[in-house]
Amino acid sequence: MYITQLKIVLNLNDPEMKKFRLIMILLMFSVNAIAQEDVNYDESKVPEYELPEILRSNSGKVIDEVSEWEQFRRPEILAAFEQYVYGKTPAVDIPVRFELMEESREALGGKAIRKQVRAYFGKFNNGPSMDILIYLPEISEKPVPIIVGLNFYGNHTIIDDQNIFIHNSWTRNSDNFGIKNNQVDEASRGIRNNRWPVNKIIDGGYGLATIYYGDLDPDLGDHWQDGIHPLFYRDNQEQPADDEWGSIGAWSWGLSRALDYFQTDNEIDHEHVAVMGHSRLGKTSLWAGAVDPRFAAVISNDSGCGGAALSRRRFGEKVARINNAFPHWFNNNFNRYNDQESYLPVDQHMLIALMAPRPVYIASAEDDRWADPKGEFLSGREANPAYQLYGLEGMPADQMPKVSQPIMGTIGYHIRPGGHDVTDYDWEQWMKFLNMHWKESKR
């Protein structure tokens, strides 16, 4: 963590600092190597642990009524995640204005409507903004349900569509995708189409919306100086307080602003919006769904530590590793629990419980042990008490299912072959799950 902070403070591009820069890089590799050696992939080495009870308040009161859950226990759990994990969103009213920048009624060969909507944050148009790319089935006679998710490299990367705007926000360099100098260009169109089967989603009767996450907050650990964080700073404040939001909080805030737009668009069924995310953006979709109950369903894919996986299992990526590698994702208070997971006031089954009674789907991959598939399954299963308050089954399984055998209750789960990725198989299961719960809303 401190290495990342020093990199911001010092001008490592100064020729006089080259030797120091080399030492720092070597040290970073050494720290990462040590962290990797400490990874546990052995179930026999998972420590004994006791999960906090979802339906027992901090004062010891047993919660057995929906009214008690909604008015007391749920807010108590949500406040604990804000305080100790993801951070509080500052109570500042930021003006948001939407502008339809482009629209086509003949997208995807005539079967879809494409819209590109820009959300301006703050009083002026030259401040932070985000672009929402939307595809809707053209033949729908009524508002359509929609799935919204953030993407890693830009809206133009999800499909080779020459009409999609290319952003100028900071972007992670990638040798695989030819991204250099932290900027994307025409060569990166469609490079992520393997993760976003747009035609299949449209053919399934769903709309799709996506936003480049770097529009909201660049994922580079810069003490939150770029992106939307400075809009919320008090006078003389330079970074969030220890209990305030990190990047995951900012990314989830942006998803809620997209939902604000959906509520103004008569072609979108804003009462049936599912929020989806993969990996760090899976953590984000879960937090967005917890904070904003307007999301009617929540989908997490390979979200792992700080997402769907139980922290107390200490399997795969651990709290200390994620905080040291990505100190900007969570709030600073989360660092208290590095290698101290058993003292966390919450664990991730409680995050899943915050979605109740809404449908939530957790997806894992067989080879993605870093994300702890079993821990992700257990979070869903242990969230059942909150759903049972509503007379719902929750996750209809006591044992983790075999590979490629999805289970679907109000909480769904599958583990598929392969590694840390998003595949057509994942999307097929998510749409089946949404069909099961939203059949009355489909065209």
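Quick note: the coordinates plus some simple rules give every number you see, no bench work behind them. Quick caveat, the model's predicted, so the values are computed rather than measured. Cβ atoms come from the backbone with ideal geometry, glycine included; neighbour counts cover every protein chain shown.
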Practice problem: Highest first, please rank the peptides 300-313, 361-374, 382-395, 99-112 by the mean number of other Cβ atoms sitting within 10 Å of their residues. | Solution: 300-313, 361-374, 382-395, 99-112
Practice problem: Starting from the Kirkwood radius over alpha-carbon pairs of the chain, derive D by Stokes-Einstein at 10 °C in a medium of 1.306 mPa s and give it in µm² s⁻¹. | Solution: 71 µm²/s
Quiz prompt | Relative packing of peptides 138-151, 71-84 - highest average C-beta neighbours within 10 Å first | solution = 138-151, 71-84
Quiz item: Quick one: what do you get for the stretch 188-303 if you divide its Cα Rg by 2.2 N^0.38 Å?
Solution: 1.16
Exercise. Name the shape class, rounded, prolate or oblate, that the alpha-carbon gyration tensor gives for the stretch 142-242, where a ≥ b ≥ c are the square roots of its eigenvalues, rounded holds for a/c under 1.5, and otherwise prolate holds if a/b is larger than b/c and oblate otherwise.
Key: oblate
Exercise. Could you give the size of the charge dipole of the chain about its Cα centre, using +1 on the Cβ of each K and R and -1 on the Cβ of each D and E, expressed in debye and rounded to the nearest 20?
Key: 280 debye
Exercise. Net charge near PRO47: determine it from the other residues with C-beta under 15 Å of the C-beta of PRO47, scoring Lys and Arg +1 and Asp and Glu -1.
Key: -3
Exercise. Can you give me the three principal axis dimensions of the stretch 40-143 from its C-alpha atoms, in Å, biggest first?
Key: 57, 39, 36
Exercise. Have a look at MET350, TRP69, ASN181 and report the one farthest towards the positive end of the charge dipole of the chain, computed about the Cα centre with Cβ charges (Lys/Arg +1, Asp/Glu -1).
Key: ASN181
Exercise. Please express the shape of the stretch 75-231 as an equivalent ellipsoid: the semi-axes are the square roots of 5 times the eigenvalues of the C-alpha gyration tensor, given largest first in whole angstrom.
Key: 28, 21, 16
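Which order do the peptides 172-185, 272-285 take when ranked by the mean count of other beta-carbon atoms within 10 Å per residue, highest first? Mind showing how you got there, number by number?
Values: 172-185: 13.3, 272-285: 26.8.
The most tightly packed comes first, giving 272-285, 172-185.
Is any helix in the chain, taking whole DSSP H runs, at least 15 angstrom long along its axis by alpha carbon and on average at least 0.0 on the Kyte-Doolittle scale, and which ones? Write down the numbers at each step before the final one.
Numbers: long enough: 18-37 (29 Å, 0.92); 247-262 (23 Å, 0.26); 280-291 (17 Å, 0.32); 424-438 (20 Å, -1.21).
Membrane-span-like by this rule: 18-37, 247-262, 280-291.
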Quiz item: Once the piece of chain linking GLU366 and ASP339 is laid out straight, how much longer is it, given 0.36 nm per residue of separation minus the C-alpha distance between them?
Solution: 7.2 nm
Self-check item: Calculated from backbone phi, Karplus (6.51, -1.76, 1.60) coupling profile of the stretch 176-188 in Hz, x at Gly/Pro
Solution: 4, 9, x, 8, 10, 6, 6, 9, 9, 8, 4, 5, 9
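Quick one: if you take sqrt(5λ) for each eigenvalue of the C-alpha gyration tensor of the stretch 318-370, what semi-axes come out, biggest first, whole angstrom?
Numbers: eigenvalues 102, 56, 23 Å².
Sorted largest first and rounded, they come to 23, 17, 11 Å.
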Practice problem: Towards the positive end of the charge dipole of the chain, with charges on Cβ (+1 Lys, Arg; -1 Asp, Glu), say which of GLY419, SER300, PRO95 has the farthest Cα. | Solution: GLY419
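Under 8 Å for C-alpha pairs, at least 6 residues apart: give me the relative contact order for the stretch 126-186, rounded to a whole percent.
Numbers: 40 pairs, mean separation 13.0, N = 61.
For the stretch 126-186, the relative contact order is 21 percent.
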Exercise. Pairs of Cα atoms under 8 Å, at least six residues apart: use those to get the relative contact order of the stretch 194-240, whole percent.
Key: 22 percent
Quiz item: How large are Rg and Dmax for the stretch 261-394 when only the alpha carbon atoms are used, in Å?
Solution: 15.1, 49
Quiz prompt | Local electrostatic count at PHE232 - Lys and Arg +1, Asp and Glu -1, tallied over other residues with Cβ under 11 Å | solution = 0
Quiz item: At 25 °C and 0.890 mPa s, what whole-number value in µm²/s does Stokes-Einstein give for the translational diffusion of the stretch 352-420, with Rh from the Kirkwood sum over Cα pairs?
Solution: 206 µm²/s
Quiz item: Stokes-Einstein at 4 °C, 1.567 mPa s, Kirkwood radius from Cα pairs: D for the stretch 315-443 in µm² s⁻¹?
Solution: 81 µm²/s
